[in-house]
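Remarks on the structure that follows.
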Amino acid sequence: MNKKVRSDYDLVIIGSGIAGLTFALKVAEAGYRVAIFTKKDKAESNTNYAQGGIAAVTSAGDDLEKHVEDTIEAGDGLCNPEIVREILKDGPSRIQDLIEMGVSFSSLDDGRISLGKEGGHSKRRVLHVKDVTGKAIEDALLNNIAEQGVTLFEHFFAIDLITARKARKLGVKVGGSADRVMGIYLYDANKEKVITVSSPAVLLATGGAGQTYLYSTNPSIATGDGVAMASRAGLSVMNLEFIQFHPTTLHSSDGDRFLITEAVRGEGVRLIDSQGKPFLKKYHPLADLAPRDIVARAIDREMKRSGAPYVRLDTPKIKGNFPDRFPNVYQNCLSRGIDAVLNPIPVVPAAHYSCGGIPTDLDCSTKLNGLYACGEVACTGLHGANRLASNSLLEAVVMAHRGAEAVCSFLGNRKNEKFTLPEWVDGDVPASDERVVLSHNLEELKRAMWDYVGIVRSTKRLERARARLRNLEREINEYYWNAKVDLSLLEVRNLVCVAELIVRSALKRKESRGLHYTLDYPDRAEEALDTLVPPLRK
Ligand code: FAD
Ligand code: SIN
């Protein structure tokens, strides 16, 4: 792309998934100078891989209260009911926006929108584009971004926020004593150098942190950068112990975990054990369509009980035509030698979604003036202890709309505001000298998180993880402060920071609730409390 990065914008957006792109479109429409920076190719995001769809009340047999109830039930007592209602009520209008932007949701022969069903939903309410919903949404948003001339820069990695507190510490004169966002350091991966950009408002739309785990559905971009940046900028983070493990990803010996959408179970497919028997009725009255935390834990238990490396989805028994309804899943399985029409698919759980994140109000604002967060990186109170399937895309698009309005009013009298910022100082040791340390640390981190901070936890396991993370953190930080930065170093630094925040959150929760299950406190506490972990200022 033949564009030059300016040294100042009204709003800098980090991330080009559903949250960042939707937000950008709305703020740019209002006439502000908006730039989106994204660390890899523009479509590379969790959004692009979403399969099942986007939940919203769009049919006559459904209503908002049912969607609210299902969300709260899945969230295991930790959702904030007012926030749930407030976010879900905007679903139908935001779906309409997506349709107007060019998303063609799958429809029935009579022209009505086809609605899928997933775990925890009492009604069919998941709008989808076969099993490639995320790609259809990402493509439509990127087309709109291009048509409206919104500036998007690929291969720019956001390193750290520049705050007034930080600037003062580095000797820059900043008026007043309050803290606020003033800009951001970005690593230009093509030119291999760090640039400094001034902006009175920054939106973190950096997505999830699935890459903290050895096995994950998330693409490589999901390294928790936004949470790490916010923590380093002085913010507490919320409910990070609630890492959602998706129950069904294709088992493969290479460690790759391709998602098999829950919508498959919505079409009547059941999970079967090593004897070929359905087993979920033992665990929950909703059986295969129970909330995700329950299904993932049940699979974990069945695998441990039988010693089998996977359970199976009995796809030959689907009600309907598998290749037509799930072409992406079908082709992917086929390319790995499994014809899902003829044979059940071997599946295992994998890390999928971060229910916690940077706490925000209902307008995406955070506790740091000028800093906004939206999408998976944020924690609004919608998901509680376990997200209801297909509520994530919905939350991102609803919150982006609300947040964009808030940013426009925040920018009202700050348009064209430009700050004097401390310049970036790089280390002088080329990082490539010690590459092996980085890859070794990364592997160790992911394995420790998988083995000790997984579906079933205990205080001893969490302490073990913490001890290993401490070592890794010391080594990586020492390296970071001396070396010339590069992409792998920046990502590992964030991963170790987020992993530590997850473990700290998990250690704080002395109960089992939703996605956090610990052998030492197997019961749910009477009072439902959020976990806040104070900033790691490193
Ligand atoms: P993302 O879409 O992940 O976008 C994050 C962006 O930030 C990316 O562009 C990334 O490159 C960029 N970025 C990150 N860090 C930096 C940095 N330091 N500097 C610059 N750029 C950065 N949810 C549903 O509701 N329905 C589904 O059917 C569904 N299916 C899913 C299937 C899969 C396989 C996965 C992985 C997730 C699924 N989810 C689903 C969850 C949902 O897709 C995500 O939660 C949602 O898309 C997150 O959107 P986002 O905009 O917050 O983040
Ligand atoms: C899926 O398609 O099973 C994923 C849906 C989600 O994560 O909401």
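Every number in this text was worked out from the coordinates using simple rules, so none of it is lab data. None of these values were measured; they are calculated from a predicted model. When we count neighbours, we look across all protein chains shown, and the Cβ atoms used for this are built from the backbone with ideal geometry, even at glycine.
Quick one: dipole size for the range 156-311, taken about the Cα centre, charges +1 on Lys/Arg Cβ and -1 on Asp/Glu Cβ, in debye to the nearest 20. Before the final figure, lay out the partial values.
Values: 20 positive and 15 negative charges, 108 e Å.
Once rounded to the nearest 20, the dipole reads 520 debye.
Stretch Lys3-Leu334 to full length: gain in nm at 0.36 nm per residue minus the Cα-Cα span?
Numbers: separation 331, 0.36 × 331 = 119.16 nm, distance 4.16 nm.
Full extension from Lys3 to Leu334 adds 115.0 nm.
Between Glu443 and Asn343, what's the calculated FRET efficiency when r is the beta-carbon distance and R0 is 22 Å? Round to 0.05.
Details: r = 33 Å, r/R0 = 1.48.
Computed FRET efficiency for Glu443 and Asn343: 0.10.
For a bin width of 10 Å, list the pair-distance distribution of the chain built from all Cα-Cα distances, rounded to whole %.
Histogramming the chain at 10 Å steps yields 4, 19, 30, 27, 15, 4, 0, 0 percent.
What does the charge count near Arg513 come to, summing +1 for each Lys or Arg and -1 for each Asp or Glu among other residues with Cβ under 15 Å from its Cβ?
Working: positive: Arg292, Arg297, Arg387, Arg457, Lys508, Arg509, Lys510, Arg524; negative: Glu73, Asp76, Glu241, Asp293, Glu511, Asp520, Asp523, Glu526, Glu527, Asp530.
Neighbour charge sum, excluding Arg513 itself: -2.
Return the loop-located GluC sites (Glu not before Pro) in the range 57-98 (DSSP other than H, G, I, E, B) with at most 10 other Cβ atoms within 10 Å of their own Cβ; answer none if there are none.
Working: sites: Glu65, Glu69, Glu73, Glu82, Glu86; in loops: none.
Of the GluC sites (Glu not before Pro), not one in the loops of the range 57-98 has a Cβ with at most 10 other Cβ atoms within 10 Å.
Which value at 222 nm does the chain reach when only helices count, each DSSP H run of 4 or more adding -39,500 (n - 2.57), with the total divided by all residues and rounded to the nearest 500 deg cm²/dmol? Present the calculation step by step, with values, prior to reporting the outcome.
On the way: 15 runs with 188 residues, N = 538.
Per the formula, -11000 deg cm²/dmol.
Of all alpha-carbon pairs in the range 375-422, indicate the percentage at a distance above 14 angstrom. Present the calculation step by step, with values, prior to reporting the outcome.
On the way: 708 of 1128 pairs.
When every Cα pair of the range 375-422 is considered, 63 percent fall beyond 14 Å.
For the range 161-262, what are the per-bin percents of Cα-Cα distances with bins 10 Å wide, up to the bin holding the maximum?
Once binned at 10 Å, the Cα pair distances of the range 161-262 give 12, 33, 27, 19, 7, 2.
With a ≥ b ≥ c the root eigenvalues of the C-alpha gyration tensor of the range 398-509, is it rounded (a/c under 1.5), prolate (a/b larger than b/c) or oblate?
Details: a/c = 2.99, a/b = 1.32, b/c = 2.26.
The shape class here is oblate.
Contact order normalised by length for the range 286-343, with contacts defined as Cα pairs under 8 Å and 6 or more residues apart; what percent is it?
Working: 27 pairs, mean separation 15.1, N = 58.
For the range 286-343, the relative contact order is 26 percent.
How many nm separate the modelled label positions at Lys123 and Glu526, each set 7 Å beyond the Cα in the direction of the Cβ?
3.6 nm
Within the range 1-109, how many lysine pairs that are 8 or more places apart, or on different chains, have C-alpha atoms less than 22 Å apart?
11
Would you work out the charge dipole size for the range 266-382 about its Cα centre, treating the Cβ of every Lys and Arg as +1 and the Cβ of every Asp and Glu as -1, and quote it to the nearest 20 debye? Provide the component values of the computation, followed by the final result.
Values: 15 positive and 12 negative charges, 117 e Å.
Roughly 560 debye, rounded to the nearest 20.
If you count the DSSP beta bridges with both ends in the chain, what percent of them are antiparallel, to the nearest 5? Can you show the working numbers first?
Working: 36 of 58 bridges.
Taking every DSSP beta bridge with both residues in the chain, the antiparallel ones total about 60 percent.
Using 7 Å Cα-to-Cβ label points, what is the Val172/Gln148 separation (nm, one decimal)?
2.9 nm
Rounded, prolate or oblate: which fits the range 175-333, taking a ≥ b ≥ c as square roots of the Cα gyration tensor eigenvalues, rounded meaning a/c under 1.5, else prolate when a/b beats b/c? Working shown, then result.
Numbers: a/c = 2.83, a/b = 2.23, b/c = 1.27.
Here the range 175-333 falls in the prolate category.
Among Phe23, Gly61, Val12, pick out the residue whose Cα is farthest towards the positive end of the charge dipole of the range 1-102, where Lys and Arg carry +1 and Asp and Glu carry -1 on C-beta, about the Cα centre.
Positive-most Cα among the choices belongs to Val12.
Work out from phi, with θ = phi - 60° and the Karplus expression 6.51 cos²θ - 1.76 cosθ + 1.60, the ³J(HN,Hα) of each residue of the range 214-223, listed in order in whole Hz, and give x for Gly and Pro.
Karplus-based 3J(HN,Hα) across the range 214-223 equals 4, 10, 8, 7, 7, x, 5, 5, 7, 10 Hz.
Specify whether the C-alpha gyration tensor of the range 449-538 places it in the rounded, prolate or oblate class, a ≥ b ≥ c being the square roots of the eigenvalues: rounded for a/c under 1.5, otherwise prolate if a/b is larger than b/c and oblate if not. Walk me through the numbers before you get to the answer.
On the way: a/c = 2.97, a/b = 2.24, b/c = 1.33.
It is prolate, given that a/c is not under 1.5 and a/b is the larger ratio.
Roughly how big is the range 356-509's charge dipole about its Cα centre, with Cβ charges of +1 (Lys, Arg) and -1 (Asp, Glu), in debye to the nearest 20?
Values: 22 positive and 21 negative charges, 166 e Å.
The calculation lands at about 800 debye.
Please count, across the range 390-538, the pairs of lysine residues with Cα atoms under 18 Å apart that sit 8 or more places apart or on different chains.
Values: Lys446/Lys460; Lys460/Lys508; Lys460/Lys510; Lys484/Lys538.
Within the range 390-538, the lysine pair count is 4.
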